[in-house]
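Engineer: Have a look at this one before I ask anything.
Derivation of every value follows stated rules applied to the coordinates shown; laboratory data play no part. All of these numbers come straight from a predicted model, not from anything done at the bench. Cβ placement follows ideal geometry from the backbone for every residue including glycine, while neighbour counts extend to all protein chains displayed.
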Amino acid sequence: MGSEPQKDNSQKPASRSNHRYVNLGSGWRRPAEEFGYYGEAFHKAARELVRVLDENPSYDPFEACPIVFLYRHATELYLKGVLRSGESLLKLEGIQPTFDASALTAHPLRPLLTPLRELFEAMEWGKSYEEIASFVEPLDQMDPNSFCFRYPVNKKDEAALPKSFGFNVVGFAREADSCLEILYNASYSIADCAESARAARLDYAGEL
């Protein structure tokens, strides 16, 4: 704990898929620990769509919708994955997390920021938390239920977005990439810390 999270791919399982067939049911860690892997996959897809859009001088504005959805979903997956791993780590460190676990089963992002701040303060990652929050808060205000960029209307059959809504999708993607890079690094750093804490406990128990 102390330094800001750093990238580490050592825990990610090697891919055995070819271009024709993928197997998501075996050779992986437990499903509850795969939020980061899913988040990374959605992030990669979003970046590829942004690359294609950015290279096209004339594009349909609706092409921005899947980009924003993929980025938002990647953010949600990373946040939930980090909090799940962080809960285990804090308990190993003798700290009882205080957040409402029901936030992990809903789509709003801002309720996840309070437990994230608690976790990052314990990790001494205050600067990283501020960068994440500065992206997540306006994103969640724009699309609080992960709905606005999936459907043109809401459940009341009203426009999902206001008529005046507009934004720079490439600029949005750059901000998202920065946030998701921090969450990506944090997910692996926390997993490493948790693994070290478990190993230390086992070593201590073996000495008794």
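Engineer: Only one of Val136, Val170 is more than 17 Å from the chain's Cα centre (by Cα) and either assigned to a helix (DSSP H, G or I) or under 21 Å from Pro61 (Cα atoms) (or both). Can you tell me which? Lay out the reasoning, then the answer.
Structural biologist: On the way: Val136 fails: more than 17 Å from the chain's Cα centre (by Cα).
Result of the check over Val136, Val170: Val170.
Engineer: OK, next. Output the residues belonging to segment 91-130 that are charged (D, E, K, R), closer than 19 Å to Ile182 by Cα and assigned to a helix (DSSP H, G or I).
Structural biologist: First, pick out the residues of segment 91-130 that are charged (D, E, K, R): 91, 93, 100, 110, 117-118, 121, 124, 127, 130.
Add one more test, that the residue is closer than 19 Å to Ile182 by Cα, and what stays is 110, 117-118, 121, 124, 127, 130.
Passing the criteria: Arg110, Arg117, Glu118, Glu121, Lys127, Glu130.
Engineer: Report yes if some residue within segment 76-94 is out of contact with any helix residue (DSSP H, G or I) (no Cβ under 6 Å at 6 or more places or on another chain), surrounded by 14 or more Cβ atoms within 10 Å (Cβ to Cβ) and among the β-branched types (Val, Ile, Thr); otherwise report no.
Structural biologist: no
Engineer: Take the residues in segment 47-74 that are in contact (Cβ under 8 Å) with a residue 60 or more places away in the chain and in contact with an Asp or Glu (Cβ under 9 Å, 6 or more places away or on another chain); name whichever of them is surrounded by the fewest Cβ atoms within 10 Å (Cβ to Cβ). Break it down into steps so the answer makes sense when it comes.
Structural biologist: Of segment 47-74, the ones in contact (Cβ under 8 Å) with a residue 60 or more places away in the chain are 47, 50, 53-54, 64-69, 71-74.
When the remaining residues are screened for being in contact with an Asp or Glu (Cβ under 9 Å, 6 or more places away or on another chain), the result is 47, 50, 53, 68-69, 71-72, 74.
Details: Arg47: 18, Val50: 22, Leu53: 16, Val68: 22, Phe69: 18, Tyr71: 28, Arg72: 24, Ala74: 26.
Top of the filtered list is Leu53.
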